[in-house]
4 protein chains.
Amino acid sequence: MSYNSFGHIFRVTTWGESHGPAIGCVIDGVPSRLAISAAEIQHFLDQRKPGQNRFTTQRKEADIVKIMSGTFEGMTTGTPISLMIENTDQRSKDYSDNKDKYRPGHADFTYMEKYGIRDHRGGGRSSARETACRVAAGAIARKILGDSIQVKAALVQIGDHEINRENWDWDEVGNNPFWCPDKAMVPVWEKYLDNIRKNGSSIGAVIEVHASGVQAGLGAPVYAKLDSDLAAAMMTINAVKGVEIGEGFNAARLTGEENADEMYMDADGKPAFNSNHAGGILGGISTGNDIVCRFSVKPTSSILTPRKTVDTQGKETEIVTKGRHDPCVGIRAVPIGEAMMACVIADHIMLHRAQQG
Amino acid sequence: MSYNSFGHIFRVTTWGESHGPAIGCVIDGVPSRLAISAAEIQHFLDQRKPGQNRFTTQRKEADIVKIMSGTFEGMTTGTPISLMIENTDQRSKDYSDNKDKYRPGHADFTYMEKYGIRDHRGGGRSSARETACRVAAGAIARKILGDSIQVKAALVQIGDHEINRENWDWDEVGNNPFWCPDKAMVPVWEKYLDNIRKNGSSIGAVIEVHASGVQAGLGAPVYAKLDSDLAAAMMTINAVKGVEIGEGFNAARLTGEENADEMYMDADGKPAFNSNHAGGILGGISTGNDIVCRFSVKPTSSILTPRKTVDTQGKETEIVTKGRHDPCVGIRAVPIGEAMMACVIADHIMLHRAQQG
Amino acid sequence: MSYNSFGHIFRVTTWGESHGPAIGCVIDGVPSRLAISAAEIQHFLDQRKPGQNRFTTQRKEADIVKIMSGTFEGMTTGTPISLMIENTDQRSKDYSDNKDKYRPGHADFTYMEKYGIRDHRGGGRSSARETACRVAAGAIARKILGDSIQVKAALVQIGDHEINRENWDWDEVGNNPFWCPDKAMVPVWEKYLDNIRKNGSSIGAVIEVHASGVQAGLGAPVYAKLDSDLAAAMMTINAVKGVEIGEGFNAARLTGEENADEMYMDADGKPAFNSNHAGGILGGISTGNDIVCRFSVKPTSSILTPRKTVDTQGKETEIVTKGRHDPCVGIRAVPIGEAMMACVIADHIMLHRAQQG
Amino acid sequence: MSYNSFGHIFRVTTWGESHGPAIGCVIDGVPSRLAISAAEIQHFLDQRKPGQNRFTTQRKEADIVKIMSGTFEGMTTGTPISLMIENTDQRSKDYSDNKDKYRPGHADFTYMEKYGIRDHRGGGRSSARETACRVAAGAIARKILGDSIQVKAALVQIGDHEINRENWDWDEVGNNPFWCPDKAMVPVWEKYLDNIRKNGSSIGAVIEVHASGVQAGLGAPVYAKLDSDLAAAMMTINAVKGVEIGEGFNAARLTGEENADEMYMDADGKPAFNSNHAGGILGGISTGNDIVCRFSVKPTSSILTPRKTVDTQGKETEIVTKGRHDPCVGIRAVPIGEAMMACVIADHIMLHRAQQG
């Protein structure tokens, strides 16, 4: 039991507040003798870094990761890997106006109800800044996955604008500021989000994460289900309100005939599936097909339109959040979703070999 | 770490296969001096019991629960509560035809890939029969919740037929075989499902679970989020493919203005919310509003239409599943969803007081 | 977190009271395809069974184990193994005289302080009867250890009478009612214990457990130390008050020169140790030498001499315990110590391969 | 499951090697609104700090602790407390001579067997330097214990020289470099250890830890026993080879009559014990009496006398360890034992209220 850890064998514990001296994580259970460098971790952190284009918050954090332990001469040693990212652009004054007001949609009220004390500067522990640690952990998880397993994510919906899946091209994902796999949708989203941004508004989104090359057999029939751990992992990301595997909620609309993934023997003489409605998981255990997971992200709660709220003294008031925020926080959730998928699969590889050798 | 347990303090471990002598569970961490009887647990088991109407499997299991430990003179003693339900209607012969074929949509193939051995009779450990243990555990969890917290669930969608939320009446839920809160939808579903059933087909569904009266402050800002544990819990239920909290996937379509739950001071001088888009959870912590969780259930994979598959010897073949199955397994998931919600909230009440006293 | 489980991957949860309908355990994480039968488990249970000679309690329990789940056609399936032992000789009346008195040395008072309710019949959950479940779990753990790892235990001290280690002969252990490896000590203990028994008194003991054939590399440098888990495991056995590894408390008397296990290259060209002061564990990790663990067991608290105590109403009184008890409960702790050693090593084999493959 | 964490609710994860940039820990589950400062933690770290007199290693580490997260304006916020101690006196060259040799009694060989890679500088992760993190965590645990619970430790034996318990005076413990409660023993130990030190030898020791003011009712009857968690905690301290509660191994020599702690009603009308052979724990649950725990520490393995060993290439060789080491590492284990006791009791206070409210 731990309030700030996730994973079973590949176990990540994060710490830090948005406006303290640093944030960081401790990653336990990593096998020894994996080559790893700070630069490799930094590569993934840079993907998540804010302020890279006009569609994400203009908060500028260098987000430089330091390896504090767990490696020796460029290799993991089997001991806990401690990573630290110093907070360099804190501008606490941005938040002082609203320090006693509960921002609707934020954790201010609930945090205060639970703990009776709150670091009001930028969300404190509830800040999405914590997710930088997940991305760093994901970089290490990928070392366990090796080259044969690929984890990739894309943004598939902003507001009512969904991509056309027939246009899906993974190579496009890196060519636009949205991680969008549908080239045709990019200009639509640009125009749409520019409008949202100029109005000081925000909008939700849906992210889809794929893991390919995952062996059949990861997971378990009942509570250590691979999909259960994925759902838990994605739901811990800030602002996530829903998680799906394969057909997800659409499965409610399908008949048994439509939803069945029929099987055949492939060219290599191995059992294979004609389709992947299951999203790569049957009965909690991976099928060998791509693991497909989607999650929804709510609109950023910090908006310029005044909202009614109350303050810590129990007075009704209004709030306008002037901080530097994302018009669509879902964009920056893409590398985070990837990281969580990588962590969960790395963990299940280890859990599987624990039991089955 | 455990492959067959869930919960942190209120911790449930289940065991048993569909065609072994019995199934059961051990519930650890239950406070002492709660009055509990087998009859109270039986009440909830009877709700889940198959064969009660033509819309659920005709498999007839008495499903009589026995309390094997953890109570003394009708009160809990603080020691593990062991519950056992004997398997009485096993009819293994129903399954012998298909014992070497992998049933599409079932865990047959993945289970075999993982373990290399499989109890082919009725799904073995992967059978939904395991969920009876969850319902039993939920009955005990409700004792921890007490009278002030109410957990209720309803079926809100079968196939493309969604209820009209304006007709929602909790009192209707017990008046029809579907746990449907919309009286007007009942005849529609009846006709629709009769057709599905006669065709030997099946269809998916969506269940919605509410918990009211939950205090603000349960959960945690990062990994022990209340919504993360709910997502994990619901996703462990057989056939579930998606989980949502509050607006869920619809949050992707909303602006920050639309999604904000504004606050005011209520008549008792307490902070309150004008709406509940958040589904009762902000930043992983309960708000005091109703916890609202939905999950989708895929169509039963056992259908009468032949499906292409392969067998354990690697031969392509066809399969027809003639066993006694549910045309819409989502119906029987309603009391299971309730039970999981009750277990998660009971656990978080205990987790909260562990840390905060 | 669980109050009634132990182990990480090989995880055992026990349940049951001495005077309920049954006791049992659920063993999770067991690899599939291990051949196991109830008879093999029964073999070890019979070693622990009371009433086999005049030196152990005359309480007669058949202690027949039933496998309730987790095997199919004589092989483990990878799912939780549920074992149950029905309570058949309960004689609750033996205990009714003292039901409101706190027995000195027993958990009566502390249990009541914690839970405010108590099953007074024979110790309830605190009864040593629970240890039958450990022995059953140990039988399954041995299947994971395989033939190359041997776990054996012996009684090495009763009262002031310690064995002569120069006489140590494992083959003698099964030839006497004490699990004594020193043939010369057997008649001394017989005479000594007969006297203790006739006086209605009791005496403490020391048990030593060896595991040979354990590979180097199990454990971890800091908190998942093999010796830490062994200490925890042995200390959970009823009446245990001390645990040692290798030199144990004698290490306090040794110099660095005396305590050093020097190394050399053995005939197979492998690093080896000239001695085993370390008890097979250095820095929390196994060396490849025999794991050597000792634990002390206090004298049975139930004695015929009246002792001063208080009752649940706060009145001072005296107590005499007339139940059927062991003059030296340490004797029956021998197979229990073996079982715990087997469980811990099985668990660490799985933990090691989880991380290191 | 975690290889580098301990505790259930009060959960400590440590990281760092002796010769990396820093060591540190993350303490999760701490209640909010406890006043805590770096200075208070530093107070306890200074007790453990090496180089304070001629009987401990002359390695000079400033050991300055920094609070990196989890507090706001001097109060805990309920989020993980991250503490960091930079390594400032590393002198890696001291170790280069022996970098390929396995030091007898150290974890060099076993670490290499497990992980296949090793940071040879000063023990790396296996260095006792890690224990600074425990002391820091203990300082925070004491905040949970409050003023009514006192945790104190003393050194009671060095080599064959045991204190006279009749001279026990807690006030003397701070007056000598050994944490010795027996004033008369101090000059004996001084002379004895001076001799050990001059010879480049080392010697073992026994530490005794008391916790007074602990409420009755902490712990559990079976696996969450307070004594089991204490045994595990103490056994994770470097060089510890044995742990005892109350009479410990001496219990083997006692009769039931001698070992019984008789009860009476005290002046306040509460049940009390005439003696404390149990060491404050009966059936795994605290009695309200002082918790008494002893542990043995082996002699420092680094000595000046050449020892036979092998190197990583499989060659036989000799080794002399010239680094700066402790003649009796047990001395510095005193504040560590205190810290572990404080952590375990804090954790069990939280575990108890989780279940029992």
Debye-sum result for region D:113-196 in log10 I(q)/I(0), which assumes one identical scatterer on each alpha carbon, at q = 0.21, 0.22 Å⁻¹: -0.99, -1.02
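With a Förster radius of 25 Å, plug the Cβ-Cβ distance of C:M265 and C:E166 into 1/(1 + (r/R0)^6) and report the FRET value to the nearest 0.05. Intermediate results must be reported in sequence, preceding the final value.
Values: r = 29 Å, r/R0 = 1.15.
In this case the efficiency is close to 0.30.
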Going 7 Å from Cα along the Cα-Cβ axis for the label, what nanometre distances separate D:D160 from the same residue across the other copies? 2.0, 9.2, 9.4
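About the Cα centre, and with charges only on the beta carbon of Lys, Arg (+1) and Asp, Glu (-1), how big is the dipole of region D:237-300? Nearest 20 debye, please. Spell out each step's value before the answer.
Details: 5 positive and 9 negative charges, 103 e Å.
Rounded to the nearest 20 debye, it is 500 debye.
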Accessible-area loss of at least 50 Å² (1.4 Å probe, chain alone to full protein assembly) applies in region A:233-273 to A:M235, A:T236, A:K241, A:F249, A:A252, A:R253, A:G256, A:E257, A:E262, A:M263, A:M265
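Between D:D100 and D:N53, 0.36 nm times their residue separation minus their Cα-Cα distance comes to what?
Values: separation 47, 0.36 × 47 = 16.92 nm, distance 3.15 nm.
Residue separation times 0.36 nm, minus the Cα-Cα distance, leaves 13.8 nm.
Quick one: net charge around D:N167, please, counting Lys, Arg +1 and Asp, Glu -1 for every other residue with C-beta under 10 Å from its C-beta. Let's see the in-between values first.
On the way: positive: D:R165, D:K183; negative: D:E166, D:D169, D:E172, D:D182.
Net charge around D:N167: -2.
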So how do C:M112, B:M341 rank on accessible area, 1.4 Å probe, biggest first, that is with the largest at the start? C:M112, B:M341
What accessible area per residue comes out for chain C, rounded to a whole number of Å², with a 1.4 Å probe? 31
Kirkwood hydrodynamic radius of region B:152-215 from all distinct Cα pairs, in Å? 12.3
Virtual spin-label span in nm between C:D46 and C:S148, 7 Å along Cα→Cβ: 3.0
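In percent, what relative contact order does chain B have, based on Cα pairs under 8 Å that are 6 or more apart in sequence? Can you show the working numbers first?
On the way: 736 pairs, mean separation 79.0, N = 357.
Here the relative contact order equals 22 percent.
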Strictly greater than 14 Å: what percent of every Cα pair in region B:283-330 meets that? 68
Taking C:K66 in one copy and the same position in all the others, each labelled 7 Å out along Cα→Cβ, what are the pairwise distances from the first, in nm, shortest first? 0.6, 6.2, 6.3
Taking the label point as lying 7 angstrom from Cα along the Cα-to-Cβ axis, what are the distances from D:A39 to the corresponding position in the remaining copies, in ascending order and in nanometres? 4.6, 6.5, 7.4
Compute the angle between helix D:333-356 and the longest alpha-carbon principal axis of chain D, please, reported from 0 to 90 degrees and rounded to the nearest 10. 40
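Given charges of +1 on the Cβ of Lys and Arg and -1 on the Cβ of Asp and Glu, with all other atoms neutral, how large is the dipole of region A:81-166 about its Cα centre, in debye to the nearest 20? Numbers along the way, then the final one.
Numbers: 15 positive and 13 negative charges, 57 e Å.
Charge dipole of region A:81-166: 280 debye, to the nearest 20.
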What FRET efficiency do you get for D:N274 and D:K322 if R0 is 56 Å and r is their Cβ-Cβ distance, rounded to the nearest 0.05? 0.55
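In deg cm²/dmol and to the nearest 500, what is the mean residue ellipticity at 222 nm of chain A if only DSSP H runs of at least 4 residues count, each as -39500 (n - 2.57), divided by the residue total? Walk me through the intermediate numbers first.
Working: 8 runs with 90 residues, N = 357.
Calculated at 222 nm, the ellipticity per residue is -7500 deg cm²/dmol.
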More than 14 Å apart: what percent of Cα pairs in region A:311-351 qualify? 70
Sites matching GluC sites (Glu not before Pro) across region A:66-159 that sit in DSSP coil, with at most 16 neighbouring C-beta atoms within 10 Å: A:E73
Rotationally averaged projected area of region C:165-315 (alpha carbon convex hull; nm²): 13.4
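Accessible area of the protein assembly as shown with a 1.4 Å probe: how many percent of it is carbon plus sulfur?
Numbers: 20410 of 44270 Å².
Its accessible area is 46 percent carbon and sulfur atoms.
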Can you tell me which of B:A251, B:A339, B:A154 moves the most in a GNM of chain B? Springs connect C-alpha atoms under 10 Å apart. B:A251
Which residue fluctuates most in the GNM of chain A (Cα springs below 10 Å): A:D290, A:D311, A:D160? A:D160
Have a look at region C:12-85 and give its Rg and Dmax from the Cα atoms, expressed in angstrom. 13.8, 41
So what are the radius of gyration and Dmax for the Cα set of region B:185-224, in Å? 18.9, 49
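Mind grabbing the interface size between D and C? I mean buried accessible area, both sides, 1.4 Å probe, in Å² to the nearest hundred.
Buried area (both sides, nearest 100 Å²): 8600 Å².
Nearest 20 debye, what's the magnitude of the dipole of the protein assembly as shown about its Cα centre given +1 on Lys and Arg Cβ and -1 on Asp and Glu Cβ?
Working: 160 positive and 176 negative charges, 0 e Å.
For the protein assembly as shown, the charge dipole is close to 0 debye.
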For q = 0.09, 0.13 Å⁻¹, Debye-computed log10 I/I(0) when each Cα of chain B counts as one equal scatterer: -0.52, -1.08
Give, to the nearest whole percent, the P(r) tail of region D:39-188 beyond 21 angstrom, counting all Cα pairs. 61
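Any chance you could list the semi-axes, whole Å, largest first, of the equivalent ellipsoid that the Cα gyration tensor gives for the protein assembly as shown, using √(5λ)?
Details: eigenvalues 498, 288, 191 Å².
Semi-axis lengths for the protein assembly as shown are 50, 38, 31 Å.
For region C:246-345, what D do you get in µm² per second when you plug the Kirkwood radius from alpha-carbon pairs into Stokes-Einstein at 4 °C and 1.567 mPa s? Mind dumping the intermediate values first?
Numbers: Rh = 17.8 Å.
After rounding, the answer is 73 µm²/s.
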Treating the angle as unsigned and between 0 and 90°, give the value, to the nearest 10°, between the Cα long axis of helix B:185-198 and the longest Cα principal axis of chain B. 20
Compare C:E190, C:E262, C:E162 in a GNM of chain C, Cα atoms joined below 10 Å, and give the one with the largest fluctuation. C:E262
What do you get for Rg/Rh over region C:110-160 if you use C-alpha atoms and the Kirkwood form of Rh? 1.18
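The values are calculated or read from the model by the stated rules, or taken from the named source; none is laboratory data. These numbers come from a predicted model, not from an experiment. Positions of Cβ are generated from backbone atoms using ideal geometry, with glycine treated the same way; all protein chains shown enter the neighbour counts. The protein model used for the area step is the full one, side chains on, heavy atoms only, and it has no ligands, DNA or RNA in it. Shrake-Rupley method; radii C 1.70, N 1.55, O 1.52, S 1.80 Å.
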